[in-house]
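All remarks here apply to the structure that follows.
Here, each number is a calculation from the coordinates, and none is a lab measurement. In this text, all values refer to a predicted model and were calculated from it rather than measured experimentally. In this analysis, Cβ positions are derived from the backbone assuming ideal geometry, glycine residues included, and neighbour counts consider all displayed protein chains.
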Amino acid sequence: MQTEVMFAGFGGQGILASGKILAQAAMTQGFEVAWVPSYGPEMRGGTAYCLVVISDAPIGSPIVKRPQHLVAMNRPSMEKFAPMLKPKGTILINTTLIPVDAGRDDLDQVMVPATALSSALGNSKAANVVALGAFIARTGILAFETLIATVKAEFAQKEKLVDLNLNALEAGRASALDPCRGQSI
Amino acid sequence: MAKVLMKGNEAIAEAAVRAGCLNYFAYPITPQSEIGEYLARRLPEVGGMFLQAESEIAVVYMLYGAAGCGARAFTSSSSPGISLMSEGISYLVGAQLPAVFVNIMRGGPGLGGILPSQADYLQAVKGAGHGDCRMFVLAPASVQEAADMMADAFALAEKYRNPVMVLGDGLIGQMMEPVSFKAQKAVAMENKSAWATTGMSARDGNTPNLVKSLHLDPALLNQHNLDLKAKYERMAREEMRWEMYNAEGDYQVLLVSFGTMSRVCRTAVDMLKAKGVDVALLRPITLFPFPEEQIAMAAERSCCKAVLSVEMNMGQMVDDVKRSVGRQKPVSWYGKCGGEVPTPEEVAGVVEKTIADMDFT
């Protein structure tokens, strides 16, 4: 089985970093992975995306026309990539910056105010990790414990960021699993 | 060794250090600059030399100097930078010096773009430099293979005293995949006392070693080229590498594709198989020497009706595929360039159209 997760947003939102954490966690759990970044002439504030391919068999094409899942951190990236998703995929929508839904009824839409939840933790820059925590909690494509261990390892060199990011994962999980939040914005 | 998640560029750099290469000269260019960035930090840790030159022309002659002294050295660049090194590559071939080049290809011609491409195929395998000059060319299709090939590249360069190129593309350089480095220890350069300018006191005998590519006597220059030719032929006999996929049973179409593009083709083969269409893939791993016999034999099978060369360029390797297949089967090309990478769906569509267009009556 192969699954693909696209992360998209603007430069500076930690798009490539959250994709890397997912790839690292999937590798730790024994999967084959490929992390493919966008590397055009980008700048802070421009668009950024990356694709993580996870498989239990060697990965053929790292170029995927229709990914299964999308973590959309801003509106332009959701509008650009949501139409490409395979039916029955999952789209995580950062509702703090995206005031609309994906307009598709064949996707599982997970509405999480990732930026607001991150700000509530004292630093809006962990919104990518909030979104990642929510995405994994909702889809279950990896064990949440693996994600926690990976985040600890990833930020081991920057100790003061470990707690922030672990709290961000947890905030994301709580938000994604909150039945009251539902599909509304 | 445990697997680590690394960019292709970083894996190439680390693999070079582990292969015992302590000399890296380069000039930065996207999409391979992480190689230099990594080595600027890594090489001083192991007593090595990282040097950012003033231009690619300077780089190639730094390699010439290092190699001439019997030092293991390499450089990396991307398409336009390799063009600037062309003269020096020919000098390295002429002087029979070992050196490793990494080309992480981007779109061309000219300054082109910075996205993945395979548009330097002809340059690498036919036009590396002026004169009867050939480079040994390896084409990785994954980060793991790029790392493994670096170790092989130094060994091949030293065995044949000839430049070796690892020809990747922007995707191989920028993508992260799990990689494990071979545990084996780097071996010292074996044969250098016979040719390197290491100083008379460093070896026995009274004959000085001379590193040069100038031979004004036509008979000597002809003989020199015959010797080089014999070396290229030996490479073809001893070092040819290729890989077949889905070729055990019958297949209607044979795909030939290398590097990143071959992985897309592999997925296209799987997609077609799921629809009941059998297609085989032959991936040349060495581009020079080129596995022409293997392609000819795969095309000769009576089940095979057509051959399709799939490339991220406007049709370069297809010339070599045609030469290999001859007139026995139709050979066509499909590809895109400039940073566009054909998707598995597009490749599968072209294969289906190729089959539909064939006249079986």
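Look at the alpha carbon pairs under 8 Å that are at least 6 residues apart: their mean separation over the length of region B:266-361 gives a relative contact order of 27 percent.
Taking 24 Å as the limit for the C-alpha separation, the pairs B:7/B:322; B:192/B:212; A:158/B:185; A:88/B:336; A:86/B:3; A:158/B:7 exceed it in the case of B:7/B:322; A:158/B:185; A:88/B:336; A:86/B:3.
Between residue B:229 and residue B:273, what FRET efficiency follows from the Cβ-Cβ distance if R0 is 30 Å, with the result rounded to 0.05? E(calc), rounded to 0.05, equals 0.10. What's the whole-number percent of alpha carbon pairs in region B:243-357 lying beyond 26 angstrom? Roughly 8 percent, rounded to a whole number. Between the alpha-carbon centres of region A:44-63 and region B:113-151 there is a gap of 24 Å. Contact order, relative form, for chain B: 18 percent (alpha carbon pairs under 8 Å, 6 or more residues apart, mean separation divided by residue count). Annotation: Cα Rg of chain B relative to the compact-globule expectation 2.2 N^0.38 Å equals 1.02. Fraction of C-alpha pairs exceeding 15 angstrom in region B:57-117: 48 percent, rounded to a whole number. When a/c reaches 1.5 or more, the comparison of a/b and b/c decides; with that in mind, is the protein assembly as shown rounded, prolate or oblate per its Cα gyration tensor? Note, shape of the protein assembly as shown comes out oblate. What you get for region A:2-177, charging only the Cβ of Lys and Arg (+1) and of Asp and Glu (-1), is a dipole of about 300 debye around the Cα centre.
Among the residues of B:168-177, the average count of other protein chain beta-carbon atoms within 10 Å of the residue beta-carbon is 5. Compute the length gained on full extension between residue B:4 and residue B:212: take 0.36 nm times their separation in residues and subtract their Cα-Cα distance, giving the result in nm to one decimal. In short, 70.6 nm is gained.
Treating r as the C-beta distance of residue B:345 and residue B:222 and R0 as 60 Å, the FRET efficiency rounds to 0.70.
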